[in-house]
Structure formats: structure tokens, C-alpha cells
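Note sheet for the following structure.
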Amino acid sequence: MKTLAATTLAAAAVVTTALITSELTVPGLAAPPAKPQPSPPPQSLPLDAQWCLGEAGTGPCILLEVARTTQQLIWGLQLRPALPALRGMLFPFAPAQPVKFWMHRTPAPLDMVFVRSGQVIAIEANVPPCMHLPCRSYGPDGAVDGVIELGAGQSQALGIKAGRAVLIRPATAPPG
């Protein structure tokens, strides 16, 4: 009896599969239109890190969102309004690696600060928005272990230059 029931179930599964397959491949039948994929909403991550400038980190502090997951790294600051002063997003990379950043779907210009071993190694200042592909890529030829995106003009306004020390701390840690 068990053998007959198993055979009947298997036969029913084959017939059902054949019917579904034939419905999808019958000439003249249009496939249902594909649903357009919605754009991901702009992400807003917690301000849980900071980079304090000045002697021994006693100057102004830049509060940073930290992109930790692959999806957060991909979305970055897409579709976000301009960053206010002293705000940014950190993209950490471990181990250090060559990276190139672009401005696809990022409507406000940015400064990109490339970091390796606790030091600024390059800055791409006032990088323009790029709402439609193709978009130019930015970054140094060598490996980096972090990129900090700031509002356009912030690196100059804050005196950030290649060679400057970078010490990222939790946002709740007091400077110094």
C-alpha cells in the first residue's frame, strides 16, 4: 500500500510540474510583466564613531556613520541630502585593499578621504554628483583600510591633508 501511495504522489507531482511548465512555454502566452525593483531607501546609520581633529584629538570631532555590512558599503550615501558640517560616513576595509569609489545616485558633492594605517594618504575633494551611468571612479592606486566621506569642502575647511593622523574612536569616548 505504501508503494502505491508513493507512486501516485510521484506521478501527481510529475503531472503538476508538466502542466506548470507547459503553461509557461506555450507560444502566444505572454509572461506576466516583471515588477520593477524599487530603489532602496537612503540609509541612515547610527553616528557611532568619531574622528577628533586638533592636537591629541582635542579639536572638533567629525561624527561618523559606519558602513559595516556589504549592503551598507554598496548603498553608502546614495540618495541622501548633503551632509552637514562635522558629519560623515566611514567605510572600513580589513584587510587593506585597493578601492575606487563613485558617486552614482549620490546627489550632493562629497570629499573622499582615503586612509591607510591611521594616516590620510589621499583626498578627492569636491567630487561631483553622478545620477546616471557611466560615473567616474575615484581613489588612490594603492591599498587603503578606510575611506571617510564628508560634505564637499569639509576637508579643506577642517585642514585635513595627506599625512594627517586619523584615529577613529567610538562616538561616546571623550577626546584625548
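Among the conditions (1) open to solvent by less than 20 Å² (accessible area, probe 1.4 Å); (2) over 17 Å from the mean Cα position of the chain (by Cα); (3) not aromatic (F, W, Y), G118 misses just one, which is (1).
Residues in the range 47-70 that are more than 23 Å from G153 (Cβ to Cβ) and either assigned to a strand (DSSP E or B) or under 18 Å from the mean Cα position of the chain (by Cα) (or both): 4 in all. Given the criteria under 17 Å from A162 (Cα atoms), touching a residue at least 40 places away in the same chain (Cβ under 8 Å) and either touching a Phe, Trp or Tyr at 6+ places or on another chain (Cβ under 7 Å) or aromatic (F, W, Y) (or both), does G118 qualify? Here the answer is no, as G118 does not meet what is asked.
Taking the conditions (1) crowded, with 18+ Cβ neighbours inside 10 Å; (2) part of a helix (DSSP H, G or I) in turn, L73 satisfies each one other than (1). In the range 1-13, the condition of being of a type in the set (A, V, I, L, M), out of contact with any Lys or Arg (no Cβ under 6 Å at 6 or more places or on another chain), part of a loop (DSSP other than H, G, I, E, B) and modelled with pLDDT of 55 or more is met by no residue. Considering only the range 86-107, state which residues are crowded, with 16+ Cβ neighbours inside 10 Å and assigned to a loop (DSSP other than H, G, I, E, B). The answer is L86, V99, M103, R105, T106. Every listed requirement among (1) farther than 19 Å from P42 by Cα; (2) at pLDDT 95 or above is met by P174 save one, (2). Of all the criteria given as (1) under 18 Å from C61 (Cβ atoms); (2) open to solvent by 70 Å² or more (accessible area, probe 1.4 Å); (3) among the aliphatic types (A, V, I, L, M), the one not satisfied by L158 is (2).
The values are calculated or read from the model by the stated rules, or taken from the named source; none is laboratory data. Being a predicted model, the structure only gives us computed values, none of them experimental. No Cβ is skipped: glycine too gets one built from the backbone with ideal geometry, and neighbour counts run over all protein chains shown. Areas reflect the complete protein model, heavy atoms only, side chains present, ligands, DNA and RNA absent. Shrake-Rupley method; radii C 1.70, N 1.55, O 1.52, S 1.80 Å.
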